[in-house]
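What follows is one structure encoded as structure tokens, with my remarks underneath.
The values are calculated or read from the model by the stated rules, or taken from the named source; none is laboratory data. Note that the coordinates shown come from a computational prediction; the quantities given were computed from them, not determined experimentally. For neighbour counting, all protein chains shown are included, and Cβ atoms are generated from backbone atoms with ideal geometry for every residue, glycine included. SASA here: full protein model, heavy atoms, side chains in, ligands and nucleic acids out. Shrake-Rupley method; radii C 1.70, N 1.55, O 1.52, S 1.80 Å.
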Amino acid sequence: MPSSPPVPERPFPVNLKPAIAVTLIALTALSGCSRAGSGDTPAAESKGAAAEVRLGYFPNITHAAALIGVENGLFTKELGSTKLTTQTFNAGPDEVNALLGESLDIAYIGSGPAINAYAKSKGEAVKLIAGATSGGAQLVVKPEINSIEELRGKVVATPQLANTQDVSLKKYLAEKNLTGQVTVQNVENAASLDLFKKGDIQAAWAPQPWSARLVAEAGAKVLLDEKTLWDGGAFPTTVVIVRTKFLQEHPETVEAVLKGHVAAIDWAKANKDEAKKAANAHLEKLTSKKLGDKILDAAWDNIELTTDAQAKHFPQLAKDAVTAGVAKEAANVAGYADFTLLNKVLQAQGKPQVQAAGLDKK
């Protein structure tokens, strides 16, 4: 079929120009107020690659993707001319403060504080952009303690008030009708070892490698592995979140970090022994001490590195904070996830996309 002849250009009638101008202005405004998969938050204008990206993570095996990504230069490789600045934290609440204070751009963080950051900013300040680790948290106790009921009158340590392990412990105690009968003490992971040895604490709900270190160095035993409390044994211990404004202004920089993130996980899965060495080498740089082989092996075997943030669990995790007594009401996590860039990276590599399970809609 022959194509239609081109329509000759004609000047707009004078009386239509104002209406068209208004329409164009409206369309321009609308185009600047949305971004695929980013919920209802008005988008800032993209400014291209950032001059610097500030990345936060913990010196924990549960943050192995970050440890390996930094140690092996995988983030730097993808970032090109963008400067990578890193900062480490003991627990999530302090990292949340850094994000909300805009002194941090992207963070590896526990699911509990990740939800808290979203709730505190009324869903505006941060977005969930990837998973990092499933599993890797255990309740370890003195050898003479054989049941959760025997924790009555005892002191149990968690890394920080309202951090992921703090919520998990308090929720579990509530379910066992032990709230108020067990003293929960917030102790930095490194300090829990000495306190456990001295007998000042009798148990700890700790992430890896700290639970493995308490077993190997302080004579603790594992009473409960948190993965046994979840269907299929999978739950989001560590996820990746970003400041919403940084995501909107520098999507290509966020994509570069996610490329490094995916590369770190892929390499770790394909090269287990080398991955453990790389993570341990970075831990030594951060803490001036390497993990012993026995501790490293135990910690590593207790985690699963994954880009899946287990989004389906986030509504329940929001409710858990209420059960634990660290939140007055369950946060509305609808609209939290934006896996647009992660799925772009995964799709380009022929990998299955990550599902938002409703967290991408308000």
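Per-residue Karplus couplings for the stretch 259-268, computed as 6.51 cos²θ - 1.76 cosθ + 1.60 with θ equal to phi - 60°, are listed in order as 4, x, 4, 5, 4, 5, 5, 4, 5, 5 Hz, Gly and Pro entered as x.
In the context of the full protein assembly, Thr82 retains an accessible surface of approximately 10 Å², using a probe radius of 1.4 Å and ignoring ligands and nucleic acids.
For Ala190 and Lys269, FRET efficiency with R0 = 35 Å and r from the beta-carbon atoms, rounded to 0.05? Before the final figure, lay out each step's value.
Details: r = 29 Å, r/R0 = 0.82.
Computed FRET efficiency for Lys269 and Ala190: 0.75.
Calculate how steeply helix 17-31 sits against the longest principal axis of the alpha-carbon atoms of the chain, using the helix alpha-carbon long axis, and give the answer as 0 to 90 degrees to the nearest 10. It works out to around 20 degrees.
Between Leu286, Leu296, Leu74, the GNM of the chain built on Cα springs shorter than 10 angstrom shows Leu286 fluctuating the most. Taking θ as phi - 60° and the Karplus parameters 6.51, -1.76 and 1.60, the scalar couplings of the stretch 106-122 work out to 10, 9, 7, 7, x, 5, x, x, 4, 5, 4, 4, 5, 5, 4, 9, 6 Hz in sequence order, x denoting glycine and proline.
Among Gly92, Gly233, Gly73, the largest mean-square fluctuation in a Gaussian network model of the chain (Cα springs under 10 Å) belongs to Gly233.
What translational D, rounded to a whole number of µm²/s, comes out for the stretch 207-294 from Stokes-Einstein when the hydrodynamic radius is the Kirkwood one over Cα pairs, at 37 °C and 0.692 mPa s? The estimated diffusion coefficient comes to 203 µm²/s. Report the residue, chosen from Ile109, Ile145, Ile68, that carries the largest GNM mean-square fluctuation when the chain is represented by alpha-carbon nodes joined by springs under 10 Å. Largest GNM mean-square fluctuation: Ile145.
Between the amide H of Asp308 and those of Gly131, distances stay under 5 Å, these residues lying 5 or more places away or on another chain, with hydrogens modeled in the peptide plane.
Please say if the stretch 246-289 is rounded, prolate or oblate, where rounded means a/c under 1.5 for a ≥ b ≥ c the square roots of the C-alpha gyration tensor eigenvalues, and otherwise the choice is prolate for a/b larger than b/c and oblate otherwise? Note, shape of the stretch 246-289 comes out oblate.
Taken one residue at a time, the phi angles of the stretch 214-226 give Karplus couplings (6.51, -1.76, 1.60, θ = phi - 60°) of 4, 5, 6, 9, 10, x, 6, 10, 7, 8, 8, 9, 4 Hz. Gly and Pro are set to x. Normalised by 2.2 N^0.38 Å, with N the number of residues, the alpha-carbon radius of gyration of the stretch 97-175 equals 1.36. When the listed pairs Lys77/Lys312; Lys259/Lys285; Lys176/Lys227 are checked against a 22 Å cut-off, the alpha-carbon distance exceeds it for Lys77/Lys312; Lys259/Lys285. A cut-off of 5 Å between modelled amide H atoms, ignoring neighbours fewer than 5 places along the same chain, links Thr237 with Thr133, Ser134, Gly135.
Glu150 sits among other residues whose Cβ lies under 13 Å from its own Cβ, and their net charge, with Lys and Arg +1 and Asp and Glu -1, is +3. Seen against the Cα atoms of the chain and their longest principal axis, helix 314-323 is set at about 50 degrees. Non-local amide H neighbours of Lys154 (under 5 Å, H modeled in plane, Pro and chain starts lacking H): which ones? Result for Lys154 returns Thr183.
Max-minus-min Cα coordinates of the chain on each principal axis give 90, 44, 41 Å, with the largest extent listed first.
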